[in-house]
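Only one structure is covered here, and it is reproduced in the block below.
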Amino acid sequence: MVPTSNPERIPIRISTDQDDKLNWTYLDHEFYTYLKNMSCMTVMKLPYDRRCMMTQQVLDCQNIINLFNYFKMMYCAFHISDMITEIEVMVLFCLVVIAFLFVMTLTIDVFFAPTMKIVSMKLHMNEYLAGVTLLAFGNTCPDLIANLMPIRADAPIFTITVGNCLAIILLSGGMVCFLKPFKMNGPSTVRDLLFLLLSLIMLRSIIFSEGNVTATESIVLMGIYFSYLIINILDLLLLRYTIRKLRREVNQLQTSPGNASVVAEKKRLLNELERDDELNINDTKQINREMTGSIEKVFFFNTPKQRIRPPVVDHIANRTIFYNVGNPKNLFLLTEFFESLNPIDEAEWKLAGWCQRILLIVKSPLTFFLILFIPVVDFEKDKHGWSKLLNCTQIITNPFLMITLVHSSATSKYYAWYIVPNLDISMWTPCVTLPLATAVLIHSRTDVPPFYHIMFIIFSFSSSVVIIWVCASEMEVLTSIVGIVFNLSGNFMAITFGSVSNAMADIIANSNLALQGYEKMAFAAIIGGPVFALVVTMAIPFAFNTKVRTAGAAFWLYGEHGENCYIFLMITIVATLWWCMIFNFNARRSAGIFMWLIFVIFIIYCTGVEMDIVHEFSRDQLFNPM
């Protein structure tokens with residue numbers, strides 16, 4: 001029970017021991033207000049025996065949590081009492097970041113990327129449209145969720161979003177250009193870069209037009225993205241109309257003599273357009289076999305010869321490869337179940353060297369956990385990844401776990417230093433999923449996936465997005481804590497370590513797709529993702545966050561490094577347009593290295609600003625004397 005007090009003194013609850021026992025104390029109103037406005041960096045300057053109490057009361061420290069309250073873990077559970085122990089815990093946190101990175105890599109490689117390819121093919125998209133829509137949405141959806149969270153209600157989200165866009169374009173774009181040389185779609189690339197430039201200028205103008213953001217202005221931002229989508233869809237329709245027209249013209253000209261040169265030119269143009277229009281399921285296993293032993297047998301800075309696209313997988317044959325109408329419906333049911341849970345692929349193990357095998361062993365517990373709860377839908381695999389007994393159990397366990405995870409993150413109730421699982425909604429999911437799993441178990445066969453197996457993509461895609469979001473959020477929180485402990489500002493951590501952490505999902509997904517022969521899709525997402533981030537992930541929080549309506553909101557929305565990020569993103573867009581036209585829209589390794597160097601210069605400049613060696617691009621704030 002809360003003890004009574006007079007109105008001028010405020011009771012606060014303090015946990016001072018490992019058992020989380022609650023003690024009550026009183027604070028003057030002025031000191032309580034000071035605690036609410038105190039920075040978490042100030043707490044790090046206090047003696048170690050005072051930090052447990054203060055990290056629980058300082059609002060800034062309470063915002064830097066997600067699934068775990070790391071400050072409470074450090075100073076109340078671990079009882080850190082000296083700098084050496086603190087540094088050791090920071091090293092442990094860095095290892096945890098690596099573990100989250102492994103989970104994110106596996107999720108993208110095993111579940112997210114195959115799902116994107118299948119959905120794109122079913123919707124009859126080409127690589128470019130799939131990249132600027134589905135893949136861009138999947139990559140930036142965690143950023144949209146993060147911008148809607150209370151932790152960013154008064155955060156410099158312009159700086160955070162533009163910093164993330166910089167990391168995506170320069171690091172992920174540089175990686176794709178370095179790993180896989182390819183011929184870009186010139187007009188589409190120029191169009192999307194100009195849309196990115198328009199989105200950036202419009203966003204900055206809206207923030208600074210009146211010093212705040214109105215609901216109407218957020219709708220205008222959304223209108224830019226809808227225009228962008230409509231133009232991309234119309235471009236695909238025009239492409240396919242031109243292909244049909246060229247085919248008719250070639251057929252007509254072939255019947256008339258003396259048109260050999262004209263026919264050859266039209267066939268050349270037709271082949272180029274058909275390559276831009278195609279989207280198939282490639283045989284990535286053959287690529288892995290070709291790459292075994294060496295990434296590229298050329299000099300590091302040389303651009304390798306463009307690879308021929310791998311052969312297309314016959315996904316219809318893969319679906320029925322083991323089907324025999326005379327087989328029992330539950331043939332090898334348990335054998336198939338245990339083989340599906342094997343976290344190490346047999347073919348990958350045989351091709352791997354001893355270093356890769358050690359890595360496979362290290363990743364195997366994480367792989368096993370993911371495979372146990374998330375269904376695999378991959379047209380490259382036999383039976384498209386169908387495993388009857390495992391998939392039936394996942395119908396029950398997957399919604400239960402994902403809803404619990406999302407609902408618990410939304411309610412944010414903690415016991416000691418970890419979040420309390422909230423089962424208020426997920427506890428009712430078996431009422432629906434258990435009968436559904438039973439029906440699938442009775443109806444389906446082990447030797448061929450049922451016709452509704454494609455619906456498992458819903459589980460696979462939604463679970464992938466949730467896991468990527470959780471991993472990216474935890475990595476951002478952990479890197480922020482490391483920065484606070486080492487006395488680095490929140491703005492600096494957001495645009496350096498935070499932006500790199502958020503861009504890791506894009507780097508992994510786009511690099512994997514590029515190596516599998518989907519480099520056009522990857523590069524389209526590298527440009528389309530930032531367009532989505534600057535417009536949609538900013539417009540929706542602007543629409544629901546009432547704090548942006550207040551006078552002077554532009555100051556904290558823009559942040560200390562906002563102008564630095566704005567200018568460097570402008571430089572990045574212009575520089576990308578420049579090298580694309582210089583290289584005739586051929587992605588080269590030198591272009592990738594050039595993009596990496598721009599990001600290194602950006603980090604060096606931000607570090608100089610943080611250490612007060614150089615001045616940021618923004619003007620100093622002037623205040624009228626009282």
Where in the chain are the DSSP H helices whose alpha-carbon span along the long axis reaches 27 Å or more and whose Kyte-Doolittle mean is at least -0.5?
83-107, 186-209, 215-254, 354-373, 388-411, 456-485, 519-544, 562-582, 589-610
Considering just Cα atoms, how many Å³ per residue does the convex hull of region 360-416 enclose?
125 Å³
So if I take the centroid of the Cα atoms in region 574-612 and the same for region 318-360, what is the distance between those two points in Å?
43 Å
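Pulled fully out, how much extra length does the chain show between residue 315 and residue 329, if you take 0.36 nm times their separation in residues and subtract their Cα-Cα distance? Don't jump to the answer; show the numbers that get you there.
Values: separation 14, 0.36 × 14 = 5.04 nm, distance 2.19 nm.
Gain in length upon complete extension: 2.8 nm.
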Computed helical MRE - 222 nm, the chain, DSSP H runs ≥ 4 contributing -39500 (n - 2.57), nearest 500
-20500 deg cm²/dmol
Ignoring everything but the protein chains, give the 1.4 Å probe accessible area of residue 236 in square angstrom, nearest 10.
10 Å²
Three principal axis extents, largest first, for the C-alpha atoms of region 480-572, in Å?
49, 35, 26
Convex hull volume per residue in cubic angstrom - Cα atoms of region 387-511
134 Å³
How many nm is it between the label spots at residue 91 and residue 364, if each spot is 7 Å from the Cα in line with the beta carbon?
2.7 nm
Let me understand region 152-277 better: what is its radius of gyration from the alpha carbons, and its Dmax, in angstrom?
21.6, 72
With θ taken as phi - 60° and the coefficients 6.51, -1.76 and 1.60, list the Karplus ³J(HN,Hα) couplings across region 552-558 in order, rounded to whole Hz; mark glycine and proline as x.
x, 5, 4, 5, 7, 5, 6
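How would 349, 386 line up by accessible area, probe 1.4 Å, largest first? Could you put the intermediate results ahead of the total?
Values: 349 85, 386 5 Å².
Of 349, 386, the descending order of accessible area is 349, 386.
Using a probe of 1.4 angstrom, how much of the accessible area of the chain is carbon and sulfur, in percent? Could the numbers behind the result be given before it?
Working: 20060 of 30260 Å².
That fraction is 66 percent.
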Under 5 Å, built H, 5+ apart or other chain: amide partners of residue 414:
420
For residue 182, the residues 5 or more places away or on another chain with a placed amide H closer than 5 Å to its own amide H are 587
Provide the per residue accessible area, probe 1.4 Å, for the chain, rounded to a whole number of square angstrom.
48 Å²
How big is the convex hull of the Cα atoms of region 57-170, per residue, in Å³?
149 Å³
Accessible area in the full protein assembly, largest first, 1.4 Å probe, for 321, 145:
321, 145
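Calculate the translational D of region 140-200 in whole µm² s⁻¹ from Stokes-Einstein, where the hydrodynamic radius comes from the Kirkwood formula applied to all Cα pairs, the temperature is 4 °C and the viscosity 1.567 mPa s.
Details: Rh = 13.7 Å.
The diffusion coefficient I find is 95 µm²/s.
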Amide H contacts under 5 Å for residue 321, restricted to residues at least 5 apart in sequence or on another chain and with H modeled in the peptide plane, are 383
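Could you give the longest part of the chain that holds none of the GluC sites (Glu not before Pro) found in DSSP loops with at most 15 neighbouring Cβ atoms within 10 Å? Please list the in-between numbers first.
Details: sites that count: 8, 210, 278, 296.
Segment 297-626 is the longest.
The values are calculated or read from the model by the stated rules, or taken from the named source; none is laboratory data. All of these numbers come straight from a predicted model, not from anything done at the bench. For neighbour counting, all protein chains shown are included, and Cβ atoms are generated from backbone atoms with ideal geometry for every residue, glycine included. The area values use the complete protein model at the heavy-atom level, side chains included, leaving out ligands, DNA and RNA. Shrake-Rupley method; radii C 1.70, N 1.55, O 1.52, S 1.80 Å.
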